[in-house]
Amino acid sequence: MAGQRRAFSRKPSVKAYRKLYIIATEGAETEPAYFSMFQSKDATIRVKILGSRHASSPKRVLKKAELFVARVGLKKSDSVWLVLDRDAWQEAELNMVWQGCQKNNFNLAVSNPCFEYWLLLHFEKGSGISSTHTCLEKLVHHLPNFTKGHVEIEKLRPNIRTAIAYAVQKDVPPCMDWPRTKGSTVYKLVQELTSMEGINNS
């Protein structure tokens, strides 16, 4: 009919699903502070950090991840990571956690001797490290104000690719569970996070 507009309906816009990364950490302060840099409303991922008020054992970190997943559920594209230190833990305990990760289809990222070693790789190759103490001594040369509760993200962010490259060099052949010598498989998680659209790691 002349002058009559044709009715039409606008399909509601569908918001794209953002991949969820669940990161369960052993440390209560340093690891959550570091991974907070990957949280962004504009990114195609979401980062949920399962921290705690106090440092946890590897077994407790695994349990924390299991309980969270049981409560909220996961989509196929989602990813769960446990971030642990080699430090003073017995291989038997780490092996138990590794088996739990395989059972649950979780991922494991371990730094030997500690997470601060991964931070050190943002600045140097991490040679001559004999303990957590020597690692911290070297790290404060690059981050003079570093404490467990204060991680200078603005100094780490520009060097993420450097840390990944140094960690890859040490992970030869690539270990399936955790590094027996000085190194960090946290690079595997960070590689994924930085490869997703919307993450700025320039």
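Tally the residues that are within 18 Å of GLU116 (Cα to Cα) and assigned to a strand (DSSP E or B), restricting the search to segment 79-100.
At the first step, the residues of segment 79-100 found to be within 18 Å of GLU116 (Cα to Cα) are 81-89.
Checking which are assigned to a strand (DSSP E or B) leaves us with 81-85.
Here the count works out to 5.
Of the conditions (1) within 19 Å of GLU192 (Cβ to Cβ); (2) outside any loop (DSSP other than H, G, I, E, B); (3) free of Cβ contacts under 8 Å to residues at least 12 places away in the same chain, LYS76 clears all except one; give me its number.
With respect to (1) within 19 Å of GLU192 (Cβ to Cβ); (2) outside any loop (DSSP other than H, G, I, E, B); (3) free of Cβ contacts under 8 Å to residues at least 12 places away in the same chain, LYS76 is out only on (2).
Residue by residue through segment 80-95, note down the ones that are farther than 28 Å from LYS125 by Cβ, touching a helix residue (DSSP H, G or I) at 6+ places or on another chain (Cβ under 7 Å) and not acidic (Asp, Glu).
Within segment 80-95, just VAL80 meets the criteria.
Matching residues to (1) over 30 Å from LYS63 (Cβ atoms); (2) of a type outside the set (A, V, I, L, M, F, W, C):
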residue: CYS101; (1), (2): no, no
residue: LEU119; (1), (2): no, no
residue: HIS141; (1), (2): yes, yes
residue: LYS148; (1), (2): no, yes
residue: ARG161; (1), (2): yes, yes
residue: TYR166; (1), (2): yes, yes
residue: VAL186; (1), (2): no, no
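Identify, by number, the condition in (1) touching a strand residue (DSSP E or B) at 6+ places or on another chain (Cβ under 7 Å); (2) free of Cβ contacts under 8 Å to residues at least 40 places away in the same chain; (3) among the basic types (Lys, Arg) that LYS182 doesn't meet.
Status for LYS182: all satisfied but (2).
Looking only at residues in segment 25-49 that are aliphatic (A, V, I, L, M) and not in a helix (DSSP H, G or I), which one is modelled with the lowest pLDDT? If you could, list the steps in order and put the result at the bottom.
As a first pass, look at segment 25-49 and keep what is aliphatic (A, V, I, L, M): 28, 33, 37, 43, 45, 47, 49.
Remaining after also requiring not in a helix (DSSP H, G or I): 28, 43, 45, 47, 49.
Details: ALA28: 85, ALA43: 70, ILE45: 81, VAL47: 90, ILE49: 92.
Here the answer is ALA43.
Cβ-Cβ below 8 Å, separation at least six or inter-chain, first residue in segment 149-165 and farther than 16 Å from ALA33 by Cα, second hydroxyl-bearing (Ser, Thr, Tyr) and at pLDDT 95 or above: which pairs?
If the second residue must be hydroxyl-bearing (Ser, Thr, Tyr) and at pLDDT 95 or above, the pairs left are ALA163/TYR187; ILE164/TYR187.
With respect to LEU82, determine if the residue is surrounded by fewer than 16 Cβ atoms within 10 Å (Cβ to Cβ), in contact with a strand residue (DSSP E or B) (Cβ under 9 Å, 6 or more places away or on another chain) and under 18 Å from ARG46 (Cα atoms). Explain how you work it out, then say what you get.
Numbers: surrounded by fewer than 16 Cβ atoms within 10 Å (Cβ to Cβ): no; in contact with a strand residue (DSSP E or B) (Cβ under 9 Å, 6 or more places away or on another chain): yes; under 18 Å from ARG46 (Cα atoms): yes.
Here the answer is no, as LEU82 does not meet what is asked.
Can you name the residue in segment 99-127 that is closer than 21 Å to ILE164 by Cβ and out of contact with any Leu (no Cβ under 9 Å at 6 or more places or on another chain) and is also surrounded by the most Cβ atoms within 10 Å (Cβ to Cβ) among such residues?
So, considering only residues that are closer than 21 Å to ILE164 by Cβ and out of contact with any Leu (no Cβ under 9 Å at 6 or more places or on another chain), the one surrounded by the most Cβ atoms within 10 Å (Cβ to Cβ) is TRP118.
Give the residues of segment 149-202 that are at pLDDT 95 or above, more than 18 Å from GLY27 (Cβ to Cβ), β-branched (Val, Ile, Thr) and within 15 Å of the chain's Cα centre (by Cα), sorted by residue number.
ILE160, ILE164
The values are calculated or read from the model by the stated rules, or taken from the named source; none is laboratory data. A quick note: this is a predicted structure, and the numbers were derived from the prediction, not measured. A quick note on method: Cβ atoms are made from the backbone with ideal geometry, for glycine too, and the neighbour counts reach across all protein chains shown.
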